[in-house]
Amino acid sequence: MAKFSKKRGKGTPAISTASLPDIIFMLLFFFMVATVMRDASLKINVNTPVATELTKIKDKSLVNNIYIGKPVAQYQNLYGTSPILQLGDKCVRKDAIEREIPLFLEQHKLKVPESRHPMIYSSIKADGKVTMGIIQDLKTALRKANQLKINYSAKPRAEG
Amino acid sequence: MAKNTRRMSNEINASSMADIAFLLLIFFLVTTTIAQDKGIQVLLPPWSEVEPDPTKLKSRNVFAVLVNADDQLLVRGELTDISALRERAKEFISNPTRREDLAEDPSKAIISLKNDRGTKYDTYVQVYNELKAAYEELWDEVSYRLYGREYDEDMPQAMKLAVRQEVPFVLSEAEPTNFGEEQ
């Protein structure tokens with residue numbers, strides 16, 4: 001019996017787990033910071049163009065995103081292959097832009113305090129291959145809805 | 001007693017682990033760039049049902065940029081490559097040699113952009129970007145002359161206004177033509 005307990009005492013001590021919470025918290029913080037929340041999953045392909053004269057979008061709650069592009073393969077039998085708009089999680093065909101844009105803007109305005117309404121702007125995230133026709137229709141609809149502040153979303157270009 | 005101290009030294013001292021963890025955390029916090037939304041800011045003109053008056057402008061003050069459905073540029077009647085657009089626009093607005101055919105004054109210069117419904121969005125953004133870049137460079141020059149610093153968004157509002165009063169950003173977009181094929 002004495003032999004037994006002696007053997008157990010000589011074994012290597014357990015690895016300290018005191019720092020485990022720290023590591024877990026570190027990972028937690030890292031992912032909290034690095035994760036970008038996406039409010040809707042995209043049903044269309046969007047590859048924004050590159051540009052140099054960019055302005056940062058400061059307050060995300062003031063921005064409504066309008067995506068334009070061709071539907072991804074799994075939605076092509078539903079929406080066709082020509083470019084469409086995506087507002088939130090709703091897909092809008094070109095001929096319905098004029099009707100849907102004011103609705104979408106109003107829905108977004110409800111989430112913003114009234115004093116900040118003039119600061120709202122629309123971020124147009126359009127695929128580079130889309131032609132200007134649909135963009136022009138969107139611009140006209142935005143102008144009619146009196147949403148004049150817009151932002152053509154683009155990727156920064158590395159320039160020396 | 002000697003046996004006891006030997007056993008103690010087997011255990012790794014973990015008290016500095018938390019410090020290391022925090023150091024790593026801070027390192028990642030500082031170095032990670034969160035995917036940020038960036039874009040070209042544009043202010044659209046308000047909608048009006050009435051057709052705008054064809055205001056008479058001196059042709060020397062208008063810098064007309066036309067983009068066709070094949071993504072080619074026509075700048076003041078000449079076929080131009082996009083890489084030359086920025087320099088041409090800058091020369092037009094500032095008119096350093098006081099040429100007769102360029103803008104009388106930066107405050108009178110008007111850039112008119114017209115595209116086709118078949119123009120690629122990518123090309124449109126590139127053209128808009130070049131024209132905006134021309135203005136940004138001119139603002140930098142004015143800002144250096146007046147305040148000895150670069151023009152940026154963080155400078156005092158009064159300085160920004162003064163710079164932009166000297167070289168106002170006037171870009172008018174015409175209704176697009178409808179010749180090209182839309183996708």
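Numbers at a glance
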item: Using θ = phi - 60° and Karplus 6.51 cos²θ - 1.76 cosθ + 1.60, couplings along the range A:13-24 (whole Hz; Gly, Pro as x); result: x, 4, 5, 5, 9, 5, 8, 4, x, 4, 5, 4
item: Mean ellipticity per residue at 222 nm, deg cm²/dmol - from DSSP H runs of n ≥ 4 across the protein assembly as shown, formula -39500 (n - 2.57); result: -12000 deg cm²/dmol
item: Spatially proximal lysines relative to A:Lys70 (Cα-Cα < 16 Å; intrachain offsets below 8 disregarded); result: A:Lys43, A:Lys90, A:Lys94, A:Lys125, A:Lys129, B:Lys120
item: Cα centroid separation - the range B:46-117 against the range B:135-166, whole Å; result: 23 Å
item: Sequence-distant lysines (8 or more away, or on other chains) whose Cα lies within less than 27 Å of B:Lys108; result: A:Lys139, A:Lys149, B:Lys56, B:Lys58, B:Lys90, B:Lys132, B:Lys160
item: Cα-based helix-to-principal-axis angle, A:132-144 vs chain A, degrees rounded to 10; result: 80 degrees
item: Chain A, relative contact order in percent, only Cα pairs under 8 angstrom and at least six apart counted; result: 28 percent
item: Nearest-10 value in Å² for the accessible area of A:Asp137, using the 1.4 Å probe; result: 40 Å²
item: Relative contact order [Cα under 8 Å, 6+ residues apart], the range B:56-121, whole percent; result: 45 percent
item: Given chain A, longest segment not containing exposed loop trypsin sites (Lys or Arg not before Pro) (DSSP; at most 13 other Cβ within 10 Å); result: A:59-110
item: Inverse mean reciprocal Cα-Cα distance (Kirkwood Rh) of the protein assembly as shown, Å; result: 24.3 Å
item: Accessible surface of B:Trp47 - all protein chains present, 1.4 Å probe, nearest 10 Å²; result: 90 Å²
item: With all protein chains modelled, accessible area of A:Thr17 [1.4 Å, Å²]; result: 90 Å²
item: Rg and Dmax [Cα atoms of the range B:59-173; Å; Rg one decimal, Dmax integer]; result: 14.7, 44
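The values are calculated or read from the model by the stated rules, or taken from the named source; none is laboratory data. Note that the structure is predicted; figures quoted are calculated from it, not measured. Every residue, glycine among them, receives a Cβ derived from its backbone with ideal geometry; neighbour counts consider all protein chains shown. Areas reflect the complete protein model, heavy atoms only, side chains present, ligands, DNA and RNA absent. Shrake-Rupley method; radii C 1.70, N 1.55, O 1.52, S 1.80 Å.
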